[in-house]
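What follows is one structure encoded as structure tokens, with my remarks underneath.
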Amino acid sequence: MTPTVPLREESMLKPASTAASRVRHWLSGLPTSGRVGLALVVLWLVLGAAGPLLAPYDVGAFVSPEVFDSMSAQHWLGSDYLGRDVLSRLLSGAQYTVGLALASALLASATGAGLALTATVCPRWVDEVISRFMDTLISIPSKVFALVLVAAFGSSLTLLLLIAAATYTPGAFRIARALAINLNQMDYVQVAYARGEGRLYIAAAEIMPNMIHPVLADFGLRFVFIVLLLSGLSFLGLGVQPPNADLGSLVRENISGLGDGALAILAPAMAIATLTIGVNLLIDALPGRGRRITGGR
Amino acid sequence: MAHGSPRNRSGIAAAGRLILRRLGSALLTLLLVSLVVFTISALLPGDAAEETLGQSATPEAVAALRHQMGLDQPAHLRYVRWLGGMIKGDPGQSLVANMPVGQVIAGRLPNSLTLAGLTAAVAIPLALAIGILSALYRDTGLDRALNLMTLGMVAVPEFLVATIAVLVFSVTLRWLPSITVVREGIGWAEMLRGYAMPVMTLACVTVAQMARMTRAAVIDQLSRPYVEMALLKGLSPSRVVLVHVLPNAVAPIVNAMALSLSYLLGGAVIVETIFNYPGIASLMVNAVTSRDMPLLQACAMIFCVAYLLLMLAADVCAILANPRLRGQ
Amino acid sequence: MGAAQDHVQVSGLRITAPAAGGQETPIVNDVDFTIPKGQVLALIGESGSGKTSIALALMGYARGGCRLAGGGVRVGDTEILTLDASQLRTVRGNRIAYVAQSAASAFNPSRTIMDQVVEAAVGRGLISRPAAEAKAMGLFRALALPEPEAIGGRYVHQLSGGQLQRLMAAMALMTDPELVILDEPTTALDVTTQIDVLRAFKRVVRQQGATALYVSHDLAVVAQVADRIVVLQRGRVREAGDASQVLEKPADIYTRTLMAAARPSTQARPHRPAPQQAPPLLEVRGLTAGYGRVEAGVPKIPVLRDVTLSITKGTTLGVIGESGSGKSTLARVIAGLVAPASGQVLFQGQPLAPTLSGRTREQFQRIQLVFQNADTALNPAHTVSRILGRPLAFYHGMDGRARNRRVAELLDLTQLPAGLADRHCGELSGGQKQRVNLARALAADPHLILCDEVTSALDTVVGAAILDLLAELRRELDLSYLFISHDISTVRAICDDIAVLYAGQKVEMGPRNGFGDAPVHPYTDLLIGSVPEMRRGWLEEKEMAATPPPLATAQSANLCRFLPRCAARVEGLCDRLPPPRIVLGGGNELLCHHDGQALQHLQRGRQSAVSP
């Protein structure tokens, strides 16, 4: 090629930014509340992943002679209604709560976004069929829907995962579809259609990259909703079944300690609260998250 | 878009047509919902006949009862029969209570509506106030404080709010009863004391959601050019928000309200359970644990009807608030 | 009050905008000017010149995050920048009034116009509501608005852009302000509407004796209204002086650049190739398209009606029309994005399938579409090299080094630096984006490029450079263009043939030379006559176009679409029969009941504006 006259722009070229510097840049743009949120989220993700390894005692072991014991050097968070170590049970419960909710939210968001892209790039009738079906599901309040599903299918871990995902897929679809339909009207997508591109390419290469940020924010919200739903189900005795226990189950089984303000009930409740508040703080602080469309929880 | 003269058309007729279309769409959705609810419950292993007679029943007895209850008919016939019963107000026989589902629900529905009504009366004005205030004082300390508060309220599970409330007001302070008794002839003061905590807990969640949506809707409008124009006309910020912005933010705000109110019926499960309140949501939990399908289906349908009615009301509000849609 | 000759004094004005890392960057630097009482001063500049920021500073207002960092603004006896918020409220919308660029978005959509017009005056207790309404109706009448008694009861969506702009002027004048700020008040309007609105503004502002600040990017418009002109570039004053001096003897080189760019040069235009016997490159036959259900070949909301045109290889066809004329839909139908309701599109003699799914890759490749707004036409998630590389891979199967080499060639061809390849388009300037937009079309090796308002979103100087590039590319690559624009001078500068669309109908088509002089279609005549010339007094010389009375009967579908606005219409003929297609001596084909002689007679007064 012929050498071009070096223009002003060339001197402005920045060196390629490394991943680390980009992360640092991203962090520096985050307000304090967002950093607190991020710290909480990372903490719970780590605890959820490595919880059982960190637990000082066996989950089911009766290790304390006292029930509803308060903090001590042996039992940092005291003991529960049967004299088990609360910290160990909390770490194990976090695994269920975080793991289940993460898997369900991933499934719900991925299904929702996938269906939304399908509805956007396929002929109109496809969109109408999917949208009508999702509108139907969304008009069954989420808790009611989950209860009906639990009644029909039971509440094994796999089923709970699927039930929570099914409950929040319509909401994820609705938001992703609104985004995708808007993007589909953008000139650069229209240019791609006029170039003769296939639907798959347009959905994956032209539309997807531009909706990833709001979809991620929505994924965070779904995660929060699902944590609350699963905890609520467990609290009602309809969620994770003994001997397994998630954070909601821990609150339920120690409810008799409420009158004494026992750590055994406060600790798991606070655990849920810090997890969900953390995610919310983080999402709230994300730059340019655009118009947030919240659904009911 | 075509220009045309909108005044030539009858505005009210246009708005009416729009509302009728929404109504038709809601009815279609309801029909589909009934199909979903029926299908899911029909997937259950075992059926009402087995449940009624218990484990020890002979297969012959089960078959006889099944025939008597019409359970041996094909699914689509059962669906039609069930739907017909629903429409006529006879959703079948509750298996556990051993009485018509209609009666069981009739005993509970007024309680749920009372709780929802009281909560709405507290939550809506509060949410509007918080939402508008934080939008007006956007990015100030007040806004941040309110924002953090509503964020916390949205994120905390209700059973935590409820249990802490019980801990503080019943156990420690002994001001309020820890369960809500509903019976005839109790005085106003007693009733208010009884309802205070469930209403507070439910309001906590719904206020936060509505306030955040209100703030978002108002702020979304604040970036519009007409707001700058109003400021350049020398109007005060409060007048700009109340007179210029709010009429344009009606649709999203009302929509958020409808969403939150629908939550007050079906989402009250946990609150009803904790405070031992005889509402329709805890009835539904009982139906789940006892696998009382006719009762469960009826409850689910009631919640869906409530949701669709609220959404329809929100749509009508949005249509009436928008001069373009109301065909001015 | 200060000396009579300077009612408004701006001195050393500095405005800063927030920048990354909590820093501030100046967007307006040391700007001084004065406006004598009762005069109109125009602030001229391209985007980013700070003209609107300065105008708003006169009301003590700074937009999102910007700060009035220094200097002074005096209006009458008041030092505006020293006022607190409540004192500012007593000045705004009272002594100083503002007319915004886009009235359609500056009026509140859910309140009636009258509510908003009287709000500032009534709210202050200056005047009672009934008296205010009466005064408003008087202003509506003075501004030549239709139905002055009833128009106040309407909402934004029921009014046209030109009407809204005049209503906004009425709103500004309600409190008899001493200073009126007009911020690009006619930029969003069609050129035929602009002239009426300008005239109304000028008359009413004069009558009120108000001082005015007129912000614009358009020198020709400013020439009609301004007594004094201040030329701005990047927040600094380049030149200031009397309007006649600045327009006739511009001292500053930047001012001269602006003026040169405002008159598109015709020198870069290549010569029309010799007529060929081969079929035209593109033919559009009897095309009708629109939205909604199609009945008997006509959609419910027709956008294009029975349009026929053709493009010879190597030539440029200009399509001109105002907003809503269907010109963008035409490009979309040809590209296959919108299916026609009836009619045909032929490319190199072969009929094109109505929708995308029926077209071959070869057909896609040969017709490329370039959109107006490069901000939305380039995917913000992709780098320049990915944007340009995709058509290379898609049509030509290029990959790896060959593709990179070709991307570099394309950048070179569109006069972009090679270093741009790794950038995301969000990092490029407006002109660079439009070049990338063009380069992507070139990557396909097309025969025909559909250019939809490719320069409209750009500043004049940048737009002129893009036009030069288009002409150069055409010469080098033997391209044909369908060039869509709302600006007749641009179209006349670069096109060989011109088609005029009005409300979806092709009212005139012919070689460029046929548009230089009468006779032309009455709408073309109005269009050409509405483009302001860059000299003072043009608006006054321009006789008021006789506005025809409203039609007695509703317009039926197959009559002339221009009928309601046509000053030359014949009662009993034009409102009864569909217009015939006639061909004039100059080769122009018209849709009109008049013949060439009659039109010549009607349009004799018009000067030839262009020397071909």
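At-a-glance table
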item: Potential extension, residue C:386-residue C:301 segment - 0.36 nm per residue separation minus Cα distance; result: 26.8 nm
item: Beta bridge orientation in chain C: antiparallel %, DSSP, nearest 5; result: 55
item: Within chain A, helix-based [θ] at 222 nm, where runs of 4 or more DSSP H residues each add -39,500 (n - 2.57), nearest 500; result: -22000 deg cm²/dmol
item: Simple spin-label estimate for residue B:324 and residue C:363 in nanometres, 7 Å along Cα-Cβ; result: 3.5
item: Mean Cα-pair separation over length for chain B, i.e. relative contact order, pairs under 8 Å, 6 or more apart, %; result: 28
item: Over 20 Å [Cα-Cα, the range C:282-427], rounded percent; result: 58
item: Between the range C:172-193 and the range B:59-120, the Cα center-to-center distance that results, in Å; result: 68
item: Nearest-0.05 FRET efficiency for residue C:595 and residue C:342, computed from C-beta distance (R0 41 Å); result: 0.90
item: Unit charges on C-beta of K, R, D, E only; dipole of the range C:1-66, Debye; result: 160
item: R0 of 22 Å, Cβ-Cβ distance residue A:28-residue C:63: FRET efficiency to nearest 0.05; result: 0.25
item: Per-peptide average of other Cβ atoms within 10 Å, ordering C:587-594, A:160-167 highest first; result: A:160-167, C:587-594
item: Positive dipole terminus of chain A, leading residue within A:257, A:286, A:205 (C-beta point charges); result: A:205
item: Residue A:36-residue B:189 pseudo-label distance in nm [points 7 Å out on the Cα-to-Cβ vector]; result: 4.1
item: Cα-derived Rg over Rh, computed across the range B:131-260 with Rh taken as Kirkwood radius; result: 1.13
item: Other-chain or far-sequence residues with amide H under 5 Å of residue C:398's (modelled H); result: C:393
item: Full-extension gain in nm, residue C:126 to residue C:157, via 0.36 nm per residue minus C-alpha separation; result: 8.2 nm
item: Whole-angstrom gap from the range C:510-538 to the range C:27-79, using each part's C-alpha centre; result: 36
item: Bins of 20 Å from zero: percent of alpha-carbon pairs in chain C; result: 18, 48, 31, 3
item: Chain lengthening between residue C:83 and residue C:583 when straightened (0.36 nm per residue, less Cα-Cα); result: 173.4 nm
item: In Å², nearest 10: area of residue B:289 left accessible to a 1.4 Å probe; result: 90
item: Whole-number accessible area per residue in Å² for the protein assembly as shown, which is evaluated in the context of all protein chains at 1.4 Å; result: 42
item: The range C:1-135: radius of gyration over Cα atoms, expressed as a fraction of 2.2 N^0.38 Å; result: 1.19
item: Charge dipole (the protein assembly as shown, unit charges on Cβ, about Cα centre) - positive-most of B:96, C:342, A:29; result: C:342
item: Set of lysines with alpha-carbon distance to residue C:202 below 18 Å, sequence-local pairs under 8 removed; result: C:37, C:542
item: Over chain C: helical MRE at 222 nm, DSSP H runs n ≥ 4 each giving -39500 (n - 2.57), nearest 500; result: -9500 deg cm²/dmol
item: Antiparallel %, DSSP beta bridges [both residues in the protein assembly as shown], to 5; result: 60
item: Lysines whose Cα lies under 25 Å from that of residue C:433, excluding same-chain neighbours fewer than 8 positions away; result: A:14, C:51, C:327
item: Dipole of the protein assembly as shown, positive direction: furthest Cα of C:597, B:67, C:502, with charges on the beta-carbon; result: C:597
item: Pairwise FRET efficiency - residue B:129 versus residue B:309, Cβ, R0 = 41 Å, nearest 0.05; result: 0.95
item: Nearest-10 value in Å² for the accessible area of residue B:86, using the 1.4 Å probe; result: 40
item: Within 10 Å of each Cβ in A:182-189, the average number of Cβ atoms from other chains; result: 5
item: For the range A:94-297, alpha-carbon Rg relative to the globular expectation (2.2 N^0.38 Å, N residues); result: 1.16
item: Value of [θ]222 nm, deg cm²/dmol, for chain B, DSSP H segments ≥ 4, -39500 (n - 2.57) each, nearest 500; result: -24000 deg cm²/dmol
item: Translational D in µm²/s for the range C:8-260 (Stokes-Einstein at 4 °C, 1.567 mPa s, Kirkwood Rh from C-alpha pairs); result: 69
item: Calculated diffusion of the protein assembly as shown, Stokes-Einstein form, Kirkwood radius summed over Cα pairs, 25 °C and 0.890 mPa s, µm²/s; result: 70
item: Solvent exposure, largest accessible area first (probe 1.4 Å, DNA, RNA and ligands not counted), of B:175, A:44, A:125; result: A:125, B:175, A:44
item: Net dipole in debye of chain A [+1 Lys, Arg Cβ; -1 Asp, Glu Cβ; about Cα centre; nearest 20]; result: 800
item: Quotient of Cα Rg and 2.2 N^0.38 Å for chain B, N being how many residues it contains; result: 1.23
item: Residue mean of other protein chain beta carbons inside 10 Å, C:101-109; result: 5
item: Relative contact order computed over the range A:94-297 (Cα-Cα under 8 Å; 6+ residues apart), in percent; result: 26
item: Cα-centred dipole magnitude for chain C, charges only on beta-carbon of K, R (+1) and D, E (-1), debye, nearest 20; result: 820
item: Averaged over A:149-162, number of beta-carbon atoms from partner chains that fall within 10 Å; result: 3
item: Tensor-based shape of the range C:140-299 (alpha-carbon gyration tensor, a/c under 1.5 rounded, otherwise prolate or oblate); result: oblate
item: Approximate spin-label separation residue C:260-residue C:293, in nm, with each point projected 7 Å along Cα-to-Cβ; result: 5.9
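The values are calculated or read from the model by the stated rules, or taken from the named source; none is laboratory data. Model, not experiment: these values are computed from the prediction. In this analysis, Cβ positions are derived from the backbone assuming ideal geometry, glycine residues included, and neighbour counts consider all displayed protein chains. Keep in mind that these areas ignore ligands, DNA and RNA; they rest on the heavy atoms of the full protein, side chains included. Shrake-Rupley method; radii C 1.70, N 1.55, O 1.52, S 1.80 Å.
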